[in-house]
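The values are calculated or read from the model by the stated rules, or taken from the named source; none is laboratory data. What you see is a predicted model; the values in this text were computed from it and never measured. Note: ideal-geometry Cβ built from the backbone for every residue, glycine included; neighbour counts use all protein chains shown.
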Amino acid sequence: MKRHQITIKQMQTTQLNEVMAIDAACYRVPWPKTVYEAELACISNRCYLVAYLQSQQPQSNNTLGTIVGHGGVSFEADAAHITTLTVAPQWRGHGVGIRLFLALAVAARKHKESLMLEVGADNPTAQSLYRRFGLAPVGIRRGYYAKMGLSDIGLSPDAVVMRADNIQEPDYASRLAKIALELEHT
């Protein structure tokens with residue numbers, strides 16, 4: 001597999017068309033632009049990131065390169081809550097998701113003691129990624145995706161709630177450092 005230089009940066013409103021193009025390729029009902037704009041306006045309690053391939057052309061007009069994924073975390077009262085993690089279909093399996101999640105987990109550690117998310121009950125690949133970061137299932141939200149109009153496209157209507165507590169402890173920092181080191185060698 002060819003090695004690609006993937007860089008993670010803060011999401012900017014000027015990147016929303018690319019972000020939404022990825023969502024359109026991944027979701028039947030993607031977030032509207034207004035949701036992203038509102039989320040990006042909440043800079044004190046949100047963190048949204050993009051993953052992009054660094055341009056190989058030094059004279060390129062696109063200083064960042066091609067956006068291949070994005071993710072976000074909301075710092076809520078009881079936990080840091082991963083709101084979205086999406087990788088362009090053609091870039092899945094290239095380390096984009098794990099790099100984004102690592103950056104989101106690092107941001108979460110700066111703000112909260114716990115990290116949580118919802119993931120499709122029928123998405124073992126994503127659940128495996130989240131387990132790698134110490135998240136464990138703590139419950140099921142029945143009909144979670146049905147409420148979003150997603151159950152009619154073959155997805156499970158239910159979401160698994162996953163959570164990691166004590167993420168500010170040294171053990172969790174060690175877990176993240178180990179993942180980062182592994183990524184340097186891939």
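Taking the stretch 32-50 as the range and being farther than 18 Å from Ala105 by Cβ and crowded, with 17+ Cβ neighbours inside 10 Å as the test, the residues that pass are Tyr36, Glu39, Leu40. Among the criteria (1) in contact with a strand residue (DSSP E or B) (Cβ under 6 Å, 6 or more places away or on another chain); (2) at pLDDT below 95, the one Arg163 does not fulfil is (2).
Filter the stretch 91-118 for residues that are among the aliphatic types (A, V, I, L, M) and at pLDDT below 95 and give the result. Explain how you work it out, then say what you get.
Looking only at the stretch 91-118, we keep the residues that are among the aliphatic types (A, V, I, L, M), and these are 96, 98, 100, 102-108, 115-117.
Those that are among the aliphatic types (A, V, I, L, M) and at pLDDT below 95: none in the stretch 91-118.
When the stretch 103-128 is filtered for residues that are under 13 Å from Val160 (Cβ atoms), in a helix (DSSP H, G or I) and under 13 Å from the mean Cα position of the chain (by Cα), the ones remaining, listed by number, are Ala126, Gln127.
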